[in-house]
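Reading through the structure tokens given below for one structure.
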Amino acid sequence: YLLVHNVDVVADMDLASFCNDVVQKNLDAALLIRDRDSSRKLMFDQDMHLCGWHHLEQNIFKKTKRFEDGCKEYAFSGIHFLKVKMLEFLPVQKCSVIDLYLQLTEAYTVKGFLQHDGYWFDLGKKHEIDAIAMRLKELRK
């Protein structure tokens, strides 16, 4: 397995527990997701299999064969865990990781893991940097 973590994401989750859960369930890939505001959402069926992507502002959908009415939408957290064997089939080129996962659902099990607790910040946004600075000050008290 390989843990992939966006460098601009700060979160206080138990990554070991997340990874152990994925290994125990023998999943090919798992995407950490949150119920938070985002203009782009991943879509999951009732069993949390990845079934699509939705750009809310532009109303663009990308659907997999698993897509069905009633899919729930969640924001991707930038943290994912996958079997190394999946990398063998990926082209070496610039591409969207979300597009890759949508494509890989045809041959692999890609599930979402909903993170309810703790904090999550995307440091690629100025207001998020200010928010994490305040959070770290609170933790030092």
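Summary table below
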quantity: When residues of segment 13-43 are limited to those that are among the small types (Gly, Ala, Ser) and farther than 19 Å from Leu104 by Cα, the one surrounded by the most Cβ atoms within 10 Å (Cβ to Cβ); calculated: Ser38
quantity: Residue count for segment 11-30, restricted to those that are part of a helix (DSSP H, G or I) and among the small types (Gly, Ala, Ser); calculated: 2
quantity: Positions within segment 1-30 being over 15 Å from the mean Cα position of the chain (by Cα), hydrophobic (A, V, I, L, M, F, W, C) and closer than 29 Å to Ala131 by Cβ, in sequence order; calculated: Ala16
quantity: Subset of segment 101-141 (residues that are over 19 Å from Cys71 (Cα atoms), in a helix (DSSP H, G or I) and among the aliphatic types (A, V, I, L, M)); calculated: Ile129, Ala131, Ile132, Ala133, Met134, Leu136, Leu139
quantity: Lone unmet requirement of (1) out of contact with any Gly (no Cβ under 9 Å at 6 or more places or on another chain); (2) modelled with pLDDT of 85 or more; (3) among the acidic types (Asp, Glu) for Asp122; calculated: (1)
quantity: Test result for Gly52, in contact with a Lys or Arg (Cβ under 6 Å, 6 or more places away or on another chain), of a type in the set (Gly, Ala, Ser), over 21 Å from Val23 (Cα atoms) and without any contact (Cβ under 8 Å) to a residue 60 or more places away in the chain; calculated: yes
quantity: Residues that are of a type outside the set (Phe, Trp, Tyr), assigned to a strand (DSSP E or B) and open to solvent by 20 Å² or more (accessible area, probe 1.4 Å), drawn from segment 44-53; calculated: His49
quantity: Residue among Ile33, Ile79, Ile98 that alone is modelled with pLDDT of 90 or more, under 11 Å from the mean Cα position of the chain (by Cα), outside any strand (DSSP E or B) and of a type in the set (A, V, I, L, M); calculated: Ile98
quantity: Hits in segment 63-99 (condition: under 18 Å from Tyr1 (Cα atoms) and either touching a His at 6+ places or on another chain (Cβ under 7 Å) or open to solvent by less than 30 Å² (accessible area, probe 1.4 Å) (or both)); calculated: Gly78, Ile79, His80, Phe81, Leu82, Met86
quantity: Condition met for Gln58 (open to solvent by 40 Å² or more (accessible area, probe 1.4 Å), modelled with pLDDT under 95 and over 24 Å from Met13 (Cα atoms)); calculated: no
quantity: In segment 101-119, residue farthest from His55 (Cα to Cα) [restricted to those that are at pLDDT below 90 and open to solvent by less than 70 Å² (accessible area, probe 1.4 Å)]; calculated: Gly118
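The values are calculated or read from the model by the stated rules, or taken from the named source; none is laboratory data. Quick caveat: nothing in here was measured; it's all calculated off a predicted structure. Using ideal geometry, Cβ is built from the backbone for each residue, glycine included, and neighbour counts are taken over all protein chains shown. All accessible areas refer to the heavy atoms of the entire protein, side chains included, with ligands and DNA or RNA removed. Shrake-Rupley method; radii C 1.70, N 1.55, O 1.52, S 1.80 Å.
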